[in-house]
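S.K.: Here you go, one structure.
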Amino acid sequence: MTFLGGTTATQPTPERLLSTVGNYELTSDEVASFLLFWGSYRKLSAARHINRAIKRFMASTSTLDLEDKLVDSIMGFEALFGFSGYRLAHYVSGLMGRTTSERVGIVELMDAAYVARSAITHGGSLESDSNWKTDSQKHVNDVQDYLRRCIKTVLCIGIESRDELRSRAFRIAHDEEARQSLQSSLPLWCFL
């Protein structure tokens, strides 16, 4: 089956994605920004780790269960970077945090999220974790949003290799100049 100019129906296209969510009017700047995003997405989403991270993010958005959202989101991070725990928290904070206090908050959230994810996958619950008893909805939504933003940042950076991504994330997490250079070079669509 073909769709819009010969693309198979199983492959997403800008037209197909937009047609599923309704009609939108885009300004010329928005069109240009979207086409940049789409080009990056088409190029990089074939990489297994990026594709799996996107699938886990999509799974996290399709459930109402907070525990499933959290587990899927953490699995998305693990797929994207290839590891978890301490390094993952620092890489996410380096990519997402603009200030030292933001980065510290992200590390604390990601560490707590990983502990909660482990508890859930081993038979526990969010309610059994004192860090998640209050504001669990907000915490899960923040983790999910960091995954979305990390995927977009990886697409913005244009790095297909997981090893190269890890190396760049390490530099960004530990070097203020590398972090500022990244943040100043990202296109506007990366921040939306």
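S.K.: So residue 66 passes all but one of these: (1) under 26 Å from residue 163 (Cα atoms); (2) in contact (Cβ under 8 Å) with a residue 12 or more places away in the chain. Which condition number does it fail?
M.R.: (1)
S.K.: Note down all Cβ pairs under 8 Å where the first residue falls in the stretch 112-123 and is on the phi > 0 side of the Ramachandran plot, the second is among the aliphatic types (A, V, I, L, M) and at pLDDT 90 or above, and they're at least six residues apart or on different chains.
M.R.: none
S.K.: Taking residue 113, is it among the small types (Gly, Ala, Ser) and surrounded by fewer than 22 Cβ atoms within 10 Å (Cβ to Cβ)? First the steps, then the outcome.
M.R.: On the way: among the small types (Gly, Ala, Ser): yes; surrounded by fewer than 22 Cβ atoms within 10 Å (Cβ to Cβ): no.
For residue 113, the condition - among the small types (Gly, Ala, Ser) and surrounded by fewer than 22 Cβ atoms within 10 Å (Cβ to Cβ) - is not met.
S.K.: Return the pairs, sorted by first residue and then second, in which the second residue is among the acidic types (Asp, Glu) and loosely packed, with under 12 Cβ neighbours inside 10 Å, the first residue lies in the stretch 94-106 and is modelled with pLDDT under 90 and outside any helix (DSSP H, G or I), the beta carbons are less than 7 Å apart, and the residues are 6+ apart or on different chains.
M.R.: Qualifying pairs under 7 Å: none.
S.K.: Please state which of the following conditions residue 34 fails to meet, knowing it meets all the rest: (1) buried (at least 20 other Cβ atoms within 10 Å of the Cβ); (2) more than 26 Å from residue 119 (Cα to Cα).
M.R.: (1)
S.K.: Further question: When you scan the stretch 122-130, do you find a residue that is modelled with pLDDT under 90, part of a helix (DSSP H, G or I), surrounded by 15 or more Cβ atoms within 10 Å (Cβ to Cβ) and over 19 Å from the mean Cα position of the chain (by Cα), even just one?
M.R.: Yes, the stretch 122-130 has at least one match.
S.K.: Being in a helix (DSSP H, G or I) and over 13 Å from residue 146 (Cα atoms) is the filter here, so list the residues in the stretch 62-74 that pass it. Step through it out loud before you land on a result.
M.R.: First, pick out the residues of the stretch 62-74 that are in a helix (DSSP H, G or I): 66-74.
Passing the criteria: 66, 67, 68, 71.
S.K.: Looking at the stretch 81-89, is at least one residue touching a Cys at 6+ places or on another chain (Cβ under 8 Å), modelled with pLDDT of 90 or more and of a type in the set (A, V, I, L, M)?
M.R.: Within the stretch 81-89, none of the residues are touching a Cys at 6+ places or on another chain (Cβ under 8 Å), modelled with pLDDT of 90 or more and of a type in the set (A, V, I, L, M).
S.K.: Can you name the condition, by its number, that residue 170 falls short on among (1) closer than 22 Å to residue 74 by Cβ; (2) surrounded by fewer than 17 Cβ atoms within 10 Å (Cβ to Cβ); (3) free of Cβ contacts under 8 Å to residues at least 60 places away in the same chain?
M.R.: Only one criterion is unmet by residue 170, namely (3).
S.K.: Turning to a different aspect of this structure: Could you tell me whether any residue of the stretch 173-190 is more than 30 Å from residue 35 (Cα to Cα), in contact (Cβ under 8 Å) with a residue 40 or more places away in the chain and either assigned to a loop (DSSP other than H, G, I, E, B) or not acidic (Asp, Glu) (or both)?
M.R.: Yes; the residues of the stretch 173-190 include at least one that is more than 30 Å from residue 35 (Cα to Cα), in contact (Cβ under 8 Å) with a residue 40 or more places away in the chain and either assigned to a loop (DSSP other than H, G, I, E, B) or not acidic (Asp, Glu) (or both).
S.K.: Being within 14 Å of residue 150 (Cα to Cα) and in contact (Cβ under 8 Å) with a residue 40 or more places away in the chain is the filter here; which residues of the stretch 46-61 pass it?
M.R.: Residues satisfying the conditions are 49, 50, 53, 54, 56, 57.
The values are calculated or read from the model by the stated rules, or taken from the named source; none is laboratory data. Source: prediction; values computed, not measured. Positions of Cβ are backbone-derived with ideal geometry, glycine not excepted, and every protein chain shown enters the neighbour counts.
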